[in-house]
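What follows is a short report on a single structure.
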Amino acid sequence: MTDLSTAERLATLTPELLEAFWAETPDEEAVALEWDWRFWARPKQLPPDSDWLTWMVRAGRGFGKTRTGAGWVQERAIEEPGRWIAMVGKTPADVRDYMVEGPGGILRNTKPDERPMYYPSNRRLEWPNGSWATVYSSEDPDQLRGFSGDTGWFDEFAKYKNPRECWDNLQFGMREVSGDQPRVLITTTPRPLPLLEEIEAKPTTITVVGSSYENRANLSPIWFSDTLAAYEGTRLGRQEIHAEILDDVEGMVYSSFSCKPFPEGNVDASVADTGAEILVGQDFNVNPMASVIAVRVVDECHVLDALEIGTSNTEQVAAEIRRRYENRRIIICPDPAGKQRHTNAPVGQTDFTILERAGFEIRAPSQAPPVVDRVNNTQAMFLQGNRRRVRIHPKAEPLIRALAGLTYKEGTSQRDKGSGLDHICDALDYLLWQEFNVLGGMHRTIIGTVNA
């Protein structure tokens, strides 16, 4: 019974006791209960009574995560007039459709005299008491640089395109003095995301874990008996229903990769730029252009960062890499097809000629190796015997997320390209195939070089 909301506990009373309760409740109070979040919320949906800075609600589908966030943000806005709140979603549409206007969103669950006005074009909600919220998208984390408040809400954080950048930028903005202290709420279904585990491990984080079944009273019985039942006992069910953080994914392409900390896994926060030549694995897909940036340390590949630029071209990527590593010798290990392919850059140029004119050295085989060969080479670099020869800094979040999530299509040996996770993985494959080929007997030819 302690896991139930007040409303759910009332529903368990006998008709006689329930009638007596309502008879003793003044009409004005009974009407007010319709909008009283603490009347409807289960204990796990209410903020912990402790001195926390981050409240993590890691829960399954249908738990009521977004409703939890909306209820908490509304309380924060009302309790201190003039409070500035940051609301962050995966995309602008997600913020609008779920956090603001959706069934669990703020507008549909606040009483009229305390309901904010929503100005989509300004990315802003304004409450009658002067509090306001700015809405942000994980697609543009730099927008958060201007925020300065004491309240933030990340919804479906594990699905973000740039989770670390969003997290870091918000932390710098949580600096305003108020009647309370800076507090951040994260509501999410889990993914194998190192940052998620980092945040949960902080002593100032309180984590609440919940399953889809805890909100059974408010959802369709058919959804539980038909839909959820089909996923019980599966890995997907463990993640999406019971909110488990899974170390690996069924059918992983890169099954030897582990997002656990080195030496048990391949993620290593001690990875640093040694000053050696910069190695860049490059995939030329236009949306996104994907780059993996690394240095060689003896016979190991230490990945410093991973770069994805949406709706881009080779010129823009070259400029960004040069900006980040000015006056360095930069070696590009690209998709060999770039020697012939023309991009949406100036007419008459190929990917390779653009990189050469930018002053980069190109190293690549004369023709692309079979996908299975380069994947096997990458697998061996991740783990061969008891050795892990690829270490990846946690800030290379797009690469870590892709390696942990890219799977084969069910019943086939074909990678699931529909996920969009293959491009950044391809970039790593090209780099490792060219510079760290451990399979033996594989001929590699440099087909274009320009010294920086």
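A compact table of results
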item: Odd one out for Asp150 among (1) more than 19 Å from Arg183 (Cα to Cα); (2) over 21 Å from the mean Cα position of the chain (by Cα); (3) not small (Gly, Ala, Ser); result: (1)
item: Tally, over the stretch 16-33, of residues that are within 28 Å of Gly64 (Cα to Cα) and either in contact (Cβ under 8 Å) with a residue 60 or more places away in the chain or in a helix (DSSP H, G or I) (or both); result: 9
item: Filtered residue count, the stretch 111-139, keeping only those that are of a type in the set (D, E, K, R), under 17 Å from Trp84 (Cα atoms) and not in a strand (DSSP E or B); result: 3
item: Close pairs from the stretch 250-264: first basic (Lys, Arg), partner buried (at least 16 other Cβ atoms within 10 Å of the Cβ), Cβ under 7 Å, at least 6 apart; result: Lys260/Val267
item: Some residue of the stretch 66-84 being touching a residue at least 60 places away in the same chain (Cβ under 8 Å), more than 25 Å from Ser148 (Cα to Cα), assigned by TED's automatic domain parsing to the domain that holds Gln143 and in a strand (DSSP E or B); result: no
item: Hits in the stretch 424-446 - residues which are modelled with pLDDT of 80 or more and either hydrophobic (A, V, I, L, M, F, W, C) or over 18 Å from Asp299 (Cα atoms) (or both); result: Ile424, Cys425, Asp426, Ala427, Leu428, Leu431, Leu432, Trp433, Phe436, Val438
item: Qualifying position, being assigned by TED's automatic domain parsing to the domain that holds Asp335 and at pLDDT below 90, among Ala368, Ala396; result: Ala368
item: Selected residue (only one of Leu107, Leu170, Leu195, Leu185 is within 21 Å of Lys395 (Cβ to Cβ) and either at pLDDT 95 or above or of a type in the set (Ser, Thr, Tyr) (or both)); result: Leu170
item: Which listed residue, of Glu410, Glu356, Glu320, is farther than 27 Å from Glu197 by Cα and surrounded by fewer than 14 Cβ atoms within 10 Å (Cβ to Cβ); result: Glu410
item: Test result for Phe157, in contact with a Gly (Cβ under 6 Å, 6 or more places away or on another chain) and either surrounded by 15 or more Cβ atoms within 10 Å (Cβ to Cβ) or of a type in the set (Asp, Glu) (or both); result: no
item: Some residue of the stretch 317-330 being touching a Pro at 6+ places or on another chain (Cβ under 6 Å) and not assigned by TED's automatic domain parsing to the domain that holds Gly233; result: no
item: Residue count, the stretch 92-110 (criterion: in a loop (DSSP other than H, G, I, E, B), surrounded by 16 or more Cβ atoms within 10 Å (Cβ to Cβ) and free of Cβ contacts under 8 Å to residues at least 60 places away in the same chain); result: 4
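Condition check ((1) among the small types (Gly, Ala, Ser); (2) surrounded by 11 or more Cβ atoms within 10 Å (Cβ to Cβ); (3) at pLDDT 95 or above) across all residues:
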site: Pro15; (1), (2), (3): no, no, no
site: Glu24; (1), (2), (3): no, no, no
site: Ala32; (1), (2), (3): yes, yes, no
site: Trp35; (1), (2), (3): no, yes, no
site: Gln45; (1), (2), (3): no, yes, yes
site: Ala59; (1), (2), (3): yes, yes, yes
site: Lys65; (1), (2), (3): no, yes, yes
site: Glu75; (1), (2), (3): no, yes, yes
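The values are calculated or read from the model by the stated rules, or taken from the named source; none is laboratory data. Computed from a predicted model, the values in this text were never measured in an experiment. Cβ coordinates were reconstructed from backbone atoms using ideal geometry, including for glycine residues, and neighbour counts include every protein chain displayed.
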